[in-house]
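Before any comments, here is the structure.
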Amino acid sequence: MSTNRRARPLPESVTVTIDGMPGRAWAGQSVTAVLVAAGVWPLRRNPVNGQLRGPFCGMGVCLECEVTINGRAGARSCTAHVSEGMEIRTHTEPLSEPLSEPLSEAGHE
């Protein structure tokens, strides 16, 4: 029985920017994993009621993890992988004008 095991090489460390703050992450790690590791859980606001939303399904189905990546809005952070110099922006700022009534009732009198 051989005890000669090859050590796995560590992934490359890359620089990313989260909401203007620089940080380090492992290349290839999901953007959601990097955000959560940095303590960033809320990623966007619900456009109807303004409630904070964050990662839910982890596979790109629910759309709760949408952020802006390198200027591209609506990117799903759970399916995107970090790379050197990536700029990630969450959307947790308060809504300027939340809808006053639910969409199902809006415009019906």
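Determine the order of Ser83, Ser30 by accessible area, beginning with the largest, at a probe radius of 1.4 Å.
In descending accessible area the options line up as Ser83, Ser30.
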Task: ³J(HN,Hα), Karplus 6.51/-1.76/1.60, whole Hz, each residue of the range 56-61, x for Gly, Pro - done: 10, 8, x, 9, x, 8
Task: Ratio of the Cα radius of gyration of the range 1-70 to 2.2 N^0.38 Å, where N counts its residues - done: 1.51
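Can you compute the FRET efficiency between Ala27 and Leu63 using 1/(1 + (r/R0)^6), with r the Cβ-Cβ distance and R0 = 35 Å? Round to the nearest 0.05.
Numbers: r = 25 Å, r/R0 = 0.73.
The pair Ala27/Leu63 has a calculated efficiency of 0.85.
Extension gain Val48-Glu84, at 0.36 nm per residue separation less the Cα-Cα distance, in nm?
Working: separation 36, 0.36 × 36 = 12.96 nm, distance 3.46 nm.
The Val48-Glu84 span can extend by a further 9.5 nm.
The values are calculated or read from the model by the stated rules, or taken from the named source; none is laboratory data. Just so you know, these numbers come straight off a predicted model, no measurement behind them. Using ideal geometry, Cβ is built from the backbone for each residue, glycine included, and neighbour counts are taken over all protein chains shown. Just the protein is used for accessible areas: all its heavy atoms, side chains included, with ligands, DNA and RNA removed. Shrake-Rupley method; radii C 1.70, N 1.55, O 1.52, S 1.80 Å.
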